[in-house]
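Read through the structure below, which is laid out as structure tokens, and then see the notes.
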Amino acid sequence: MRIRPQTLARLVLVPTILLTVIGVYGSILWTVNISFTSSGFLPTGKYVGLDRYYELWGQARWRVAYTNLFVFGGLYIFFCIGAGLLLAIALDQGVRGRSFFQTIFLYPIALSFIVTGLAWRWILNPTTGLEAYVRGLGYEGFSFGWLSDPDMAIFTLVIAGVWHSAGLMMVIIFAGLQSIDGEIWRAGRVDGISRFHMYRGVVLPMLFPVFVTCLVLLAMNVVRSYDLVVAMTGGGPGYSTDVPAKYIVDHLFDRANIGRASAGATMLLLTVMAIIALSTYLGRKETRR
Amino acid sequence: MKDQNAIAMAAIYAFLAIAAAFFAIPLIIMLLTSFKTAEEVREGSIFFLPESWSLAAWGKAWGEACIGRVCEGIGGNFWNSVLITVLATSISLLLASLNGFALAQWRLRMSGPILGMLLIGAFIPYQIMIYPLVRLFATGGMHQTLGAIVTVHVLFGLPILTLIFRNFYIGLPEELIKAARVDGAGFFQIYGMIIVPMSVNVFLVAAILSITGVWNDYLLGLIFAGPNFQPMTVSLQNLVGTQMGLPEYNVNMAATILTALPPLAVYLLSGKYFVRGVTAGAVKG
């Protein structure tokens, strides 16, 4: 007997659906459930209500990690989109060697965050990198010790992160600029509107959906940011550059505190859901306009 | 007016040149340092040119550098990464293209919700799912095996890859499939003889996305691969992180570049397909 093609079309989906339902949704439910238990080294079924969440927020390290999510995330997203926009506009002025510049701006996106973090760790390291070099040139008073300064180390992550992702923003925004009808530019010129005002008043508002796309892509990198922190600062000095993703992994495997890690993971999940809701809202608002 | 334009253009080129330097310098520094000898690294700044070019650091990084007590370099991990990447990418592409075809062309009632379920899952950070997955693999006796690391890569890669294929297949005319069915072709015949040959470019884009994603992963490799299949990113981080005494910057940077080379080669060789690959996730984000 031959199986109907319609049935086969359903059957090929089965492995993916099973994998996703168990691996993704089952895992999420498991973690949320464990966050309400007293689990330590091993998961237990003893429920303690919201205790693990009080414990989590009572801990300075978590509060620093969670705040860093927004400090790092806000600056990373702002500078990535800002740099991407400036580069895209510059390349849109009919410059020569455009694909050469694009190749240089974009290549870091092909590298892992581990490679990115290590490279910048060496450049910003006071004894081997930039500081030693500038001092060697004769500027003895020059100092750039952000990497070992608990107040400033978080900004070194921003520098490395922007280096990694700004090129991608440039490409996406550039594609958006190219898709704008030449008629609009012509109309602007006829009315005597300067290029600057055309960008600010006409072109950039038209690219609103493109910016939402950029925002979503970068936000996903932010909530997942683990590799970059591990490679560059290891969360230090102290725990000044810790992030939730690292906090969770450390508590799962090194500190064997599954319950608290799960509470942290659930907070991260809620944060991601809020970001999804926000970007959906922004997207809807745009289509209604 | 003309002068003004010339000044503006000069400013634009200056801006682009400075930006290019910012993006290029880290790679240049790592390349230069990797060619230095051990003595030179100890003496000079990493910004100086090597005085005598040497390949010693590259050889050491590949085959002799010590990670903890084991001094075998990261060459073996290179092959682990190749194995994991090839397996995960081929399985993902096969499943994702079949999924995309089934979801786009067969008028399944649940295709919308299924796609939605896949994509929402793609936004969730791995940290929320790793521990239950570890338990699951441990129960099945698969913890820290090749099967485990490939499975998690497939699991987390499938949503976006399925979306890429589905978005392409939804644009194919329905008549194509209908005509093939009238001629008596079955599901897999249509897939193999019509759909795959028509979507070679999509396979290329999806492969680029998958290869760079799997190769550059660190977290999943750290937790699921175990010591026998440890990927290169993990061993690189261990190499740099666990060194005792004075760090051997030339060896570390050679190891870093070795780890970065495969995705960099993919980037340089694939050109606009690469851009389509890395932005594919954004299209319907």
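The values are calculated or read from the model by the stated rules, or taken from the named source; none is laboratory data. What you see is a predicted model, and the numbers here were worked out from it, not measured in a lab. In this analysis, Cβ positions are derived from the backbone assuming ideal geometry, glycine residues included, and neighbour counts consider all displayed protein chains. Please note that ligands, DNA and RNA were not included when accessible areas were found on the heavy atoms of the full protein model with its side chains. Shrake-Rupley method; radii C 1.70, N 1.55, O 1.52, S 1.80 Å.
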| note | Only unsatisfied item for A:LEU91, checking (1) surrounded by fewer than 23 Cβ atoms within 10 Å (Cβ to Cβ); (2) among the hydrophobic types (A, V, I, L, M, F, W, C); (3) within 13 Å of A:PHE174 (Cα to Cα), is (1)
| helices (runs of 4 or more DSSP H) lying entirely in region A:178-285 (those with 3 or more residues that are open to solvent by 30 Å² or more (accessible area, probe 1.4 Å)) | A:182-190, A:195-198, A:208-224
| Which residue out of B:ALA24, B:ALA88, B:ALA61, B:ALA56 is of a type outside the set (Phe, Trp, Tyr), under 31 Å from the mean Cα position of the chain (by Cα), modelled with pLDDT of 95 or more and surrounded by 14 or more Cβ atoms within 10 Å (Cβ to Cβ)? | B:ALA88
| request: For B:ILE160, indicate whether it is touching a Gly at 6+ places or on another chain (Cβ under 7 Å) and open to solvent by 10 Å² or more (accessible area, probe 1.4 Å). | output: yes
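Matching residues to (1) of a type in the set (A, V, I, L, M, F, W, C); (2) more than 18 Å from B:THR89 (Cβ to Cβ); (3) at pLDDT 90 or above:
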| site | (1), (2), (3) |
| --- | --- |
| B:LEU119 | yes, yes, no |
| B:GLY141 | no, yes, no |
| B:ILE149 | yes, no, yes |
| B:VAL154 | yes, no, yes |
| B:GLU174 | no, yes, no |
| query | Going by the conditions given, is B:ALA96 more than 12 Å from chain A (Cβ to nearest Cβ), open to solvent by less than 50 Å² (accessible area, probe 1.4 Å) and touching a helix residue (DSSP H, G or I) at 6+ places or on another chain (Cβ under 7 Å)? | reply | no
| query | Can you tell which of B:GLY186, B:GLY140, B:GLY112 is more than 25 Å from the chain's Cα centre (by Cα) and more than 29 Å from A:TRP30 (Cβ to Cβ)? | reply | B:GLY186
| Hey, A:ILE154 within 22 Å of B:VAL278 (Cα to Cα) and not aromatic (Phe, Trp, Tyr) or not | no
| field | Condition broken by A:TRP57, with the remaining ones in (1) under 30 Å from B:SER34 (Cβ atoms); (2) open to solvent by 30 Å² or more (accessible area, probe 1.4 Å) satisfied | value | (1)
| message | For region A:8-19, check the following and say yes or no: at least one residue is β-branched (Val, Ile, Thr), within 13 Å of another protein chain (Cβ to nearest Cβ) and surrounded by fewer than 20 Cβ atoms within 10 Å (Cβ to Cβ). | response | yes
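If you take the residues of region B:39-53 that are open to solvent by less than 40 Å² (accessible area, probe 1.4 Å) and either in a helix (DSSP H, G or I) or in the same structural domain as B:PRO247 (by TED's automatic domain parsing) (or both), which of them is farthest from B:LEU246 (Cα to Cα)? Spell out how you get there, then give the answer.
Filtering region B:39-53 down to residues open to solvent by less than 40 Å² (accessible area, probe 1.4 Å) leaves B:40-41, B:44-46, B:50.
When the remaining residues are screened for being either in a helix (DSSP H, G or I) or in the same structural domain as B:PRO247 (by TED's automatic domain parsing) (or both), the result is B:40-41.
Working: B:GLU40: 13, B:VAL41: 10 Å.
Going through the qualifying residues, I end up with B:GLU40.
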| task | Return only the number of the condition from (1) at pLDDT 90 or above; (2) more than 30 Å from A:ALA119 (Cβ to Cβ); (3) open to solvent by 40 Å² or more (accessible area, probe 1.4 Å) that B:LEU204 does not satisfy. | result | (2)
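For region A:3-77, give me every one of the helices (runs of 4 or more DSSP H) that falls completely inside it and has 3 or more residues that are over 16 Å from A:LEU268 (Cα atoms).
Here the list reads A:5-11, A:14-19.
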| request: For A:VAL95, indicate whether it is assigned to a loop (DSSP other than H, G, I, E, B), without any contact (Cβ under 8 Å) to a residue 60 or more places away in the chain and within 13 Å of chain B (Cβ to nearest Cβ). | output: yes
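Here is a yes/no grid of residues against (1) in a helix (DSSP H, G or I); (2) modelled with pLDDT of 90 or more; (3) surrounded by fewer than 23 Cβ atoms within 10 Å (Cβ to Cβ):
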residue	(1), (2), (3)
A:PHE101	yes, yes, yes
A:PRO108	yes, yes, no
A:PRO126	no, no, yes
A:GLY138	no, no, yes
A:PHE142	no, no, yes
A:LEU157	yes, yes, no
A:ALA160	yes, yes, no
A:LEU168	yes, yes, no
